Amino acid sequence: MNGRVPGQEVFSGIARRYDTLNRILSFGREQAWRRSGIDRLPPGKLLDLGAGTGAALAAFGDRRVVALDPVPEMLALNPASVRVVAVGEELPFADGSFDSVFSAYVFRNLTSIPDTLREIGRVLRPGGKATVIGLGRPRGSLAASVHRAGTALVLPLAGAAVGARREYTYLHHSLDKLPPPEELFGGGPLQVEDIWRMGPLGFVYGALLVKR
């Protein structure tokens with residue numbers, strides 16, 4: 001759930017506690033949600049965009065992984081052999097460099113989603129695929145209201161338990177930043193091949209995008 005946010009210290013200060021707390025808050029399901037996207041990607045060279053500490057690395061199999069993140073403190077804990085400090089809006093790679101791009105829990109923290117999608121499209125080869133795993137509010141006003149009330153209580157308390165109340169209060173507010181994935185990715189530079197929902201009330205989504 002890391003990425004470029006206003007003030008990268010939001011994540012740099014909690015790098016070593018980040019994955020543990022995420023496992024607790026997701027009831028141990030965050031890796032299964034990642035795998036649901038990774039399993040849809042082709043073999044070959046993969047860009048892990050917003051790679052953080054490398055929580056997804058074991059699920060990539062024998063793909064050649066480049067881990068990219070704007071937060072050096074997070075990336076320093078990532079065991080990937082190739083690590084790049086950069087932002088999604090300005091990827092430092094040549095056109096058509098990757099067979100696939102994977103990004104989990106990052107998009108609501110980006111400065112510019114349109115710029116990032118254009119960059120993903122640029123570095124993908126023709127026919128390449130990207131999967132985005134993201135968090136938001138459930139569909140339906142009642143479900144969204146229930147979920148909003150729950151995260152307003154649970155996330156700051158969970159953050160306070162590990163000395164990161166400010167960071168996880170930010171997480172609560174960030175869940176309302178973006179439209180649903182059907183709107184977010186529709187009409188962009190990449191074609192939407194599939195969108196699916198996961199987690200309690202469907203607050204986790206996956207989107208499979210293709211470069212034609």
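Shown here for segment 58-161: GluC sites (Glu not before Pro) in loop regions (DSSP other than H, G, I, E, B) with at most 16 other Cβ atoms within 10 Å, namely Glu90. Coordinate range of the alpha-carbon atoms in segment 37-84 per principal axis, descending: 29, 17, 15 Å. Just the Kirkwood number for segment 51-202, please: inverse of mean 1/r across all distinct Cα pairs, in Å, one decimal. Final number for the Kirkwood radius of segment 51-202 is 17.0 Å. One equal scatterer on each Cα of segment 28-128, no solvent, Debye formula: the resulting log10 I(q)/I(0) at q = 0.21 Å⁻¹ is -1.14. For Lys45, the aspartates and glutamates whose Cα falls under 18 Å of its own Cα, not counting residues fewer than eight places away in the same chain, are Asp62, Asp69, Asp95, Asp99, Glu119. Taking amide H as placed 1.01 Å from N in the peptide plane, Gly128 has its amide H under 5 Å from the amide H of Lys211, each at least 5 places away in sequence or on another chain. In terms of surrounding Cβ atoms within a 10 Å radius of their Cβ, Thr131, Thr169 rank from fewest to most as Thr169, Thr131. Coupling constants for segment 132-140 follow from the phi torsions by the Karplus curve (6.51 cos²θ - 1.76 cosθ + 1.60, θ = phi - 60°), and in residue order they are 10, 9, x, 10, x, 9, x, 6, x Hz; glycine and proline get x. Projecting the Cα atoms of Val101, Leu157, Gly202 onto the charge dipole of segment 85-212, computed from C-beta unit charges around the Cα centre, puts Leu157 farthest toward the positive end.
Shape descriptor for segment 60-107: Rg over Rh equals 0.93 (Cα atoms; Rh from the Kirkwood inverse mean 1/r).
Computed from the coordinates by the stated procedures, all read-outs in this text should not be read as laboratory data. What you are looking at is a predicted structure, and each value in this text was computed from that prediction instead of being measured. Cβ: placed from backbone, ideal geometry, glycine included. Neighbour counts: every protein chain shown.
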